[in-house]
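**Student:** Take this structure first; my questions come after.
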Amino acid sequence: MSRRPFIAGNWKMNLGPRDADTLAVALKRLLADNTATDIAVAPPYVSIPAVVARLRHTGIAVAAQDLDPLKSGAFTGAVAGEMLAQAGCSHVIVGHSERRKLFGDTDDIVAAKLAAAYRAGLRPILCVGETLAERDSGQARSVVTNQLAAALVDLSLHQVLKLTIAYEPIWAIGTGRTASPAQAQEMHAAIRAWLAEHYPREVPASLRLQYGGSVKPGNASALLAQPDIDGALVGGAALNAESFRDIVAAAS
Ligand code: 13P
């Protein structure tokens, strides 16, 4: 089965509504001719409405970077999936390593957030990945498959089929130090093998696995040429319209 490439840009805590709109204008122009690749951008919460309005009818989807597990109530500062869907998001990133490390998202919280994403009708991009110490001690594969097992435990087959998984080795995020294409491919193949062990064939065959961690125009082609790498989750390089366009082009 051929999987359609999926490139997503995670803008992290960058670009308020005005600056996000400026980037969206540029993306709309530079990516107008794209038909071969699924594309999403994930602005900060406050910039979502501006980006949704700007990218309407472009085929570029808008994702949130996180969501709260709960639907509504007295939870100051929290944002529910239902609100994100109402604001025009179609996707949401769940379990990013920055959320796990800096904001205390445990495996249980990640699983609850995944459930909340489906409840709200959002398609999750689930992030997994090991630290450098875990890689150096030979635990990378078990860390990643344990994260998968914990996140997917309560999902139905129907839900799993709507998932995108992003492998983001923590040591490669924002460091300029990318996993080599061979290292990334090895982990992507391991993730697909884990999916094959636990789900019917259509799951490993159809799920898209993104690589994330210092993806740039200069390394995207080699990464995306790997058989089990179906896309990228791009941080820093997604803040520049030309760089993001070049990464999308490398996937096509
Ligand atoms: P960088 O591309 O800046 O390394 O960020 C990767 C990432 O964390 C995307 O979610």
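The values are calculated or read from the model by the stated rules, or taken from the named source; none is laboratory data. Here the structure is a predicted model, which is why all the values come from computation and not from measurement. Note that each Cβ is placed from the backbone with ideal geometry, even for glycine, and that neighbours are counted across all protein chains shown. Ligands, DNA and RNA are stripped out before the accessible areas are found, and what is left, the full protein with its side chains, is counted by its heavy atoms. Shrake-Rupley method; radii C 1.70, N 1.55, O 1.52, S 1.80 Å.
**Student:** Of the candidates S214, S142, S97, which one comes out as most mobile in a Gaussian network treatment of the chain with C-alpha springs shorter than 10 Å?
**Tutor:** Of S214, S142, S97, the most mobile in the Gaussian network model is S142.
**Student:** If you scale each eigenvalue of the Cα gyration tensor by 5 and take the root, what three semi-axes come out for segment 1-140, rounded to whole angstrom and sorted largest first? If you can, show how the numbers build up before the last one.
**Tutor:** Working: eigenvalues 129, 82, 43 Å².
Semi-axis lengths for segment 1-140 are 25, 20, 15 Å.
**Student:** Give me the lysines in straight-line cross-link reach of K162: C-alpha distance below 21 Å, same-chain residues under 8 apart excluded.
**Tutor:** Correct list for K162: K71, K113.
**Student:** Taking θ = phi - 60°, what integer Hz values does the Karplus form 6.51 cos²θ - 1.76 cosθ + 1.60 yield along segment 107-112, in sequence order, with x for Gly and Pro?
**Tutor:** Result, rounded to whole Hz: 4, 5, 5, 4, 5, 5.
**Student:** In addition: Taking Cα centroids, how far is segment 52-117 from segment 127-150 in Å?
**Tutor:** Between the Cα centres of segment 52-117 and segment 127-150 lies a distance of 23 Å.
**Student:** Given just the C-alpha atoms of segment 50-93, how large is their convex hull per residue in cubic angstrom? Each step should come with its number before you reach the end.
**Tutor:** Working: hull volume 3.1 nm³, N = 44.
Per-residue hull volume (Cα only) is 71 Å³.
**Student:** Still on this structure, I have one more. Take the solvent-accessible surface of the protein heavy atoms, probe 1.4 Å, and return the percent of it on segment 3-115 that carbon and sulfur atoms account for. Walk me through the intermediate numbers first.
**Tutor:** Values: 3090 of 5470 Å².
It is 57 percent, rounded to a whole number.
**Student:** Using modelled amide H (1.01 Å from N, peptide plane; none on Pro or chain starts), what sits under 5 Å from the amide H of V92, excluding residues fewer than 5 places away?
**Tutor:** The answer is A64, R123, I125.
**Student:** Evaluate 2.2 N^0.38 Å with N set to the residue count of segment 105-239, then give the Cα radius of gyration divided by it. All intermediate terms of the calculation are to be shown ahead of the outcome.
**Tutor:** Working: Rg = 14.3 Å, N = 135, 2.2 N^0.38 = 14.2 Å.
After normalising by residue count via 2.2 N^0.38 Å, the value is 1.01.
**Student:** Measure off 7 Å from each Cα along the Cα-to-Cβ vector at Q86 and S137, then give the distance between these two points in nanometres to one decimal.
**Tutor:** 4.5
**Student:** On average, how much area does the Cα convex hull of the chain cover when viewed from any direction, in nm²? Intermediate values should be presented prior to the final figure.
**Tutor:** Working: hull surface 49.4 nm².
Taking the Cα atoms of the chain, their convex hull projects to 12.4 nm² on average.
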